[in-house]
Every structure is written in structure tokens, then in C-alpha cells.
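Have a look at the structure below, then the notes.
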Amino acid sequence: MIVFEGVHKRFGDSVVLSDLDLAVDPGEHVTLIGPSGSGKTTILRLLMCLERVDAGTIRVGGRYLSHMHRRGELVPADEKHSRDVRRRIGMVFQQFNLFPNMSVLGNLIEAPTRVLGLSRAEATERAAELLDMVGLAEKIDEHPARLSGGQQQRVAIARALAMRPDVLLLDEITSALDPELVAGVLRLLRRIGDTTDITILCVTHEIGFARDFSDRVLMLDGGRVIEDGPPDQLLREPRQPRTKEFLAAVL
Ligand code: ADP
């Protein structure tokens, strides 16, 4: 579902991703871990087309995201092409990023009506179902500022799901939450993981969550995947000294 091949990404003189290969199967739940600055967020931003690769290719659902075919050649993708492929990807951010001037319902129906062309009635029905699933049905007319951080994050998750994505990207989505609100968000994600076949790629420092949510954990260091394995092995008995060191520091 997601394939990075030989991806290089630089910011000025600093190389952030270096010849990165990465593959995520359909329906798989993969967690990226690694020290700050190792390139985890850059991987998600490349998938959202918020950044462009300097070299290498990215495919999502079998289609190039970074490139397109023109006259038989593979050339860097233009905006329209990337937008088209990117439509299959939803993302939830650390800071929720809800539209502050819209109600919860407005947040949930904006993209489905504008981008997918759903009618307001269809989008509203889908929004109500999703709000029910995230346990916030009664907040449908509320404004985001009147919700707790945990509630806002559950709305942001519902908003991402309203686009029926094939891939969901989660960037440190519990880092901005008070500790007592984290469990509810993680419980919701487990339920989404158990009840949908969405492919999920997440960046988290919640090692406990990574352990029971992920099918596979990738350890990043210096812009490459230095260790790749099932959570029980990688998080309990890492093979690489860098992984051991990192886990000792965060656990
Ligand atoms: P992580 O998510 O693993 O902490 P990031 O992907 O955010 O790492 O960042 C990797 C490196 O790239 C960091 O050194 C960061 O400072 C740098 N970086 C990220 N985005 C930019 C940018 N837009 N401009 C310049 N440097 C950036």
C-alpha cells in the first residue's frame, strides 16, 4: 500500500532521509520510532505531499505519488496528480488542526462535500455515524474550542475517516494531550484498527501503544530504517545497539 524506494530528502545541507526503502502492506499497522530529528515526520509529510523527494520514488496503493508518467517517461508529479493520489490518505496531527470557525459537523462534512462531491445530507449522515463511533454524538453542533483536547483529537480522527481513506497517518497524536486523556484516544485507535482494514502508519513515543497496536515497528536513525521487526522482538529484544539505547532513553 505504501512503498518508498531509494528516497532522499535534504533540507539545505542537512540530509534528512538517505536512500530510504520502506514498504507497508495493505491493512498493516506500522509504527515509526526513533530519536528526534531522525526523519519520522518528514516521511509522513512526504506522503501528504507537504514536501517533495529529492530522489527516489513513493507509491501509494500501486500508484506513484511522487512521480507520473508522461510520454512514456517517469517525471516528478505535478500538483493535480499528487492531489489525486493523496486523496486516499488521511492524516491526524499532534495539534488536531480542526477548523476553529466551524462546528464539529462543519469540520466533518467540509472535505467530503467539497472534495468527494457528497451531498450535504450524505455527508451529514456519515458524520453522525463517525461521531457515534468516536463517542461524541452529542457534540455535533459544538465548536472545537469548547471541547477537551482528547475530544478534539477524536473529532480529528473522525474527520480523517470521513474521507474513507485507504491509509491513515498519525503523527504523535497523543503528545499534546493531558495524560488522563491519552487512554481514550488510544482505545479508539485500537477499535479502528480492529474494525477496519485501513493501513495505518504512525509516529509515536507511546511505546506501550506501539507494542500492542502495531504489526511491525521500524526504528529510524540518520534517515534510514536501521531495524524492522514485530513489536515483541524489536521493543523487547532489539538487535541494534542504537535501538537499545533509544528504548532505554524513552521507556
Ligand atoms: P522527527 O520527526 O524524527 O523528529 P523530522 O522529520 O521532523 O524528524 O526532522 C528531520 C530533520 O529535518 C530535523 O533535523 C529537522 O530539523 C529537519 N527539518 C524538518 N523539516 C524541515 C524544514 N522544513 N526545513 C528545514 N529543516 C527541516
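Readers should treat all values here as calculations from the given coordinates under stated rules, not as data from a laboratory. Remember, predicted model here, so these are calculated numbers, not experimental data. Heads up, the Cβs are rebuilt from the backbone with ideal geometry, glycines too, and the neighbour counts pull from every protein chain shown.
Segment 153-197 and segment 56-92 have Cα centres spaced 25 Å apart.
With the convex hull drawn around the C-alpha atoms of the chain, the volume per residue stands at 133 Å³. Using just its DSSP H runs of length 4 or more, each adding -39500 (n - 2.57), the chain gives a mean residue ellipticity at 222 nm of -11000 deg cm²/dmol after division by all residues.
Note on the chain: GNM, Cα springs under 10 Å; of PHE99, PHE11, PHE213, the largest mean-square fluctuation is that of PHE11. Compare GLN152, GLN233, GLN95 in a GNM of the chain, Cα atoms joined below 10 Å, and give the one with the largest fluctuation. Judging by the Gaussian network model, the answer is GLN233. Cross-link partners for LYS244 among the lysines, with Cα-Cα distance under 21 Å and sequence neighbours closer than 8 places in the same chain left out: LYS40.
Between GLU245 and ASP54, 0.36 nm times their residue separation minus their Cα-Cα distance comes to what? Walk me through the intermediate numbers first.
Working: separation 191, 0.36 × 191 = 68.76 nm, distance 3.04 nm.
This chain segment gains 65.7 nm when fully extended.
Here's the picture: a label point sits 7 Å out from the Cα of ASP25 along the beta-carbon direction, and within segment 34-78 the residues with their amide nitrogen under 20 Å of it are 59-63. Summing Lys and Arg as +1 and Asp and Glu as -1 over all other residues whose Cβ lies under 10 Å from the Cβ of VAL30 gives a net charge of -3.
Of the trypsin sites (Lys or Arg not before Pro) found in segment 1-83, the ones in coil according to DSSP and having at most 15 other Cβ atoms within 10 Å of their Cβ are ARG52, ARG71.
Evaluate E = 1/(1 + (r/R0)^6) for ARG71 and GLU5, where r is the Cβ-Cβ distance and R0 equals 35 Å; express this FRET efficiency to the nearest 0.05.
Numbers: r = 22 Å, r/R0 = 0.63.
Rounded to the nearest 0.05, the efficiency is 0.95.
Placing a pseudo-label 7 Å from each Cα along the Cα-to-Cβ vector at ASP84 and GLN233 gives an inter-label distance of 4.0 nm.
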